[in-house]
Amino acid sequence: MNKKRLIQLILIILIILISWFFYNNYLRKKMPETLSTNPFEKEISESKNLMKNIVYESEDSAGRQYIIKSEQGVIDDESTDIIFMTNVSAKIILLDGTVVYISAQNANYDNNTYNTKFEKNVKLNFLDHKVTSNNLDLFFDINILEAYNDLVYKNSDITMYADKIELDLISKNSKIYKFNEDKVKIISIK
């Protein structure tokens, strides 16, 4: 290769590199970066398995009905039984006919066991009992409902602040926990 061709090749490569740099830094429109650090929201925005207006209705062997609805959901790539849902509402109809209502911003629903983990702005209504928390886990396989993280329980008589509440879906008995040295804080409404 002669000297003239080598100089021409170097100049062409240099022009291409400068053009690429100029385009990337000044001409290309940059996409706004999302500020979300929630991996759940990232999973939905990047998914190819996006479903809209989801409704699952099921009945367990004991006869309890479970209906869960969501604006949208994504099937987990690793386990097709798990569905990541957003803007979720659920209804559990117990054997005696009483209804438990649950709503949350996000939920992970297992299509086989019906176990569901609700997250963010969780609200539970059961008779005159109202519970708000950041997390609520519903375990149909062991008949337990657990609400925790920033838990507030209200009924017609009291408002209570605790770390965790556990409700047995069969007996309807509940246990209330406070994990640190403080006692459960109860405020009488009457």
Those residues of region 127-147 that are in a strand (DSSP E or B) and without any contact (Cβ under 8 Å) to a residue 40 or more places away in the chain come to a total of 13
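Give me the residue from region 148-171 that is among the polar types (S, T, N, Q) and assigned to a strand (DSSP E or B) and, out of that set, modelled with the highest pLDDT.
Of region 148-171, the ones among the polar types (S, T, N, Q) are 149, 155-156, 159, 171.
Checking the rest, the ones that are also assigned to a strand (DSSP E or B) come to 149, 159.
Values: Asn149: 84, Thr159: 80.
Residue satisfying both the conditions and the ranking: Asn149.
Taking Ser19, is it exposed (fewer than 13 other Cβ atoms within 10 Å of the Cβ), among the small types (Gly, Ala, Ser) and at pLDDT 80 or above? Give the steps one after another, and end with the answer.
Details: exposed (fewer than 13 other Cβ atoms within 10 Å of the Cβ): yes; among the small types (Gly, Ala, Ser): yes; at pLDDT 80 or above: yes.
Here the answer is yes, as Ser19 does meet what is asked.
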Reported set for region 67-81 where residues are farther than 23 Å from Asn125 by Cα, of a type outside the set (S, T, N, Q) and open to solvent by 40 Å² or more (accessible area, probe 1.4 Å) is Ile75, Asp77, Glu78, Asp81
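From the list Thr132, Thr116, Thr98, which one is closer than 15 Å to Leu167 by Cα, touching a strand residue (DSSP E or B) at 6+ places or on another chain (Cβ under 9 Å) and modelled with pLDDT under 85? Outline the logic, then answer.
Values: Thr132 fails: modelled with pLDDT under 85; Thr116 fails: modelled with pLDDT under 85.
The conditions single out Thr98.
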Selection from region 57-112 of residues at positive phi and within 11 Å of the chain's Cα centre (by Cα) yields Asn87
Considering region 112-125, residues that are free of Cβ contacts under 8 Å to residues at least 40 places away in the same chain and either aromatic (Phe, Trp, Tyr) or in contact with a Ser or Thr (Cβ under 6 Å, 6 or more places away or on another chain) (or both), and then whichever is surrounded by the most Cβ atoms within 10 Å (Cβ to Cβ), we arrive at Phe118
Per the filter on region 50-106, residues closer than 20 Å to Ile142 by Cα, aliphatic (A, V, I, L, M) and assigned to a strand (DSSP E or B) are Ile67, Ile68, Ile82, Ala90, Ile92, Ile93, Val99, Val100, Ile102
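The values are calculated or read from the model by the stated rules, or taken from the named source; none is laboratory data. A quick note: this is a predicted structure, and the numbers were derived from the prediction, not measured. Here Cβ is always computed from backbone atoms with ideal geometry, including for glycine, and neighbour counts include all displayed protein chains. Accessible surface areas use protein heavy atoms only, side chains included; no ligands, DNA or RNA. Shrake-Rupley method; radii C 1.70, N 1.55, O 1.52, S 1.80 Å.
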